[in-house]
Amino acid sequence: MNSTTVRTLLVRGMLAGLGAGVLAFVFAYFVGEGSVDAAIAFEESGAHEHGEELVSRSVQSTAGLATGVLVFGVAIGGIAALAFCFALGRIGRFGARATAALTALAGFLLVYLVPVLKYPANPPAVGDPDTLAQRTGLFVLMIALSVLLGTSAVLLGRRLAPAWGNWNASIAAGTAFVAVVGVAMAVLPQGDAIPKGFPAADLWEFRLASIGIQAVLWSAFGLLFGYLAERVLEPRAVRGRVATLVA
């Protein structure tokens, strides 16, 4: 794959990430904001003093939320597009759409789901503000470990495949990944405790919404980028399907 093709796919990945970010924002606004409001109300009910609000809640839940999700979508889209370029042809005989879908699935699992099993998403009022930097660092460390171990598991599976067969090699690599991730989770420090009296239903709703936002983002990216990448890498197949539909 030459540099021009990689650059084209990178741009299309960022565009796909932008489109996926729009869908994720809509989901976050209509599904996730209710639990955030409930958490803020709980926090304010136990506070004795309130500092000056620099950004209003209405701006936070609209323009602020949209900016954060869209920037994240574009960034993730670019990184995932580069991962797609590396994976294409190296993980099996998959076409552009299938490779994009597998890349998106791996991104969702390694970048979000595995780290969040150790450090779940928490709404406002959960967590000591003084430990914010530490908690952020631990979460980023968990993401880095997850991606590194996931990549290592893929390489291990490829190395074992000629002698063990694809199925047995995949099982062995997956088992090794789960085992090492489990050890990492056991060794790393725990997150902050949930405040006494915090509504369990609100916490559960917030965490489900967080998972849903990421699922929408990565699923939409996989579908959008798969279509855009196929138009670059397999234009004949695309034209053939269009001709069939027209006929």
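The values are calculated or read from the model by the stated rules, or taken from the named source; none is laboratory data. These numbers were taken from a predicted model, which means no experiment stands behind them. A quick note on method: Cβ atoms are made from the backbone with ideal geometry, for glycine too, and the neighbour counts reach across all protein chains shown. To get the accessible areas, we keep the full protein, side chains included, count just its heavy atoms, and leave off ligands, DNA and RNA. Shrake-Rupley method; radii C 1.70, N 1.55, O 1.52, S 1.80 Å.
One table, with the values for the structure above:
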{"quantity": "Positive-end extreme of charge dipole, the chain - chosen from ALA173, VAL71, PRO235 (charges on Cβ)", "calculated": "PRO235"}
{"quantity": "FRET E, pair ALA215, ILE91, Förster distance 25 Å, beta-carbon r, rounded to 0.05", "calculated": "0.70"}
{"quantity": "FRET E, pair LYS196, LEU113, Förster distance 41 Å, beta-carbon r, rounded to 0.05", "calculated": "0.90"}
{"quantity": "Net charge dipole size for the chain [Lys, Arg +1 and Asp, Glu -1 on Cβ; Debye, nearest 20]", "calculated": "1880 debye"}
{"quantity": "The chain: C-alpha gyration tensor shape, a/c 1.5 cut-off, then a/b vs b/c", "calculated": "oblate"}
{"quantity": "Å² per residue, accessible surface of the chain at 1.4 Å", "calculated": "59 Å²"}
{"quantity": "Residue among THR62, GLY212, LEU149 farthest towards the positive dipole end of the chain, charges placed on Cβ", "calculated": "LEU149"}
{"quantity": "Relative contact order [Cα under 8 Å, 6+ residues apart], the range 98-193, whole percent", "calculated": "33 percent"}
{"quantity": "Helix-only [θ]222 nm of the chain, DSSP H runs n ≥ 4, -39500 (n - 2.57) each, per residue, nearest 500", "calculated": "-25000 deg cm²/dmol"}
{"quantity": "Cβ-based charge dipole, the range 108-196, positive-most Cα from VAL183, GLN134, TYR119", "calculated": "VAL183"}
{"quantity": "Charge context of LEU9, other residues only, Cβ under 14 angstrom, K/R +1, D/E -1", "calculated": "+2"}
{"quantity": "Convex hull volume per residue in cubic angstrom - Cα atoms of the range 61-133", "calculated": "126 Å³"}
{"quantity": "Charged-residue dipole, Cβ positions (Lys, Arg, Asp, Glu), the range 83-214 about Cα centre, Debye nearest 20", "calculated": "680 debye"}
{"quantity": "Sequence-separation-based contact order of the range 50-209, relative, with Cα cut under 8 Å and 6+ spacing, percent", "calculated": "23 percent"}
{"quantity": "FRET efficiency for THR151 and SER45, using Cβ-Cβ distance with R0 set to 45 Å, rounded to 0.05", "calculated": "0.50"}
{"quantity": "Label-point separation in nm, ALA75 to VAL187, each point 7 Å along Cα→Cβ", "calculated": "2.7 nm"}
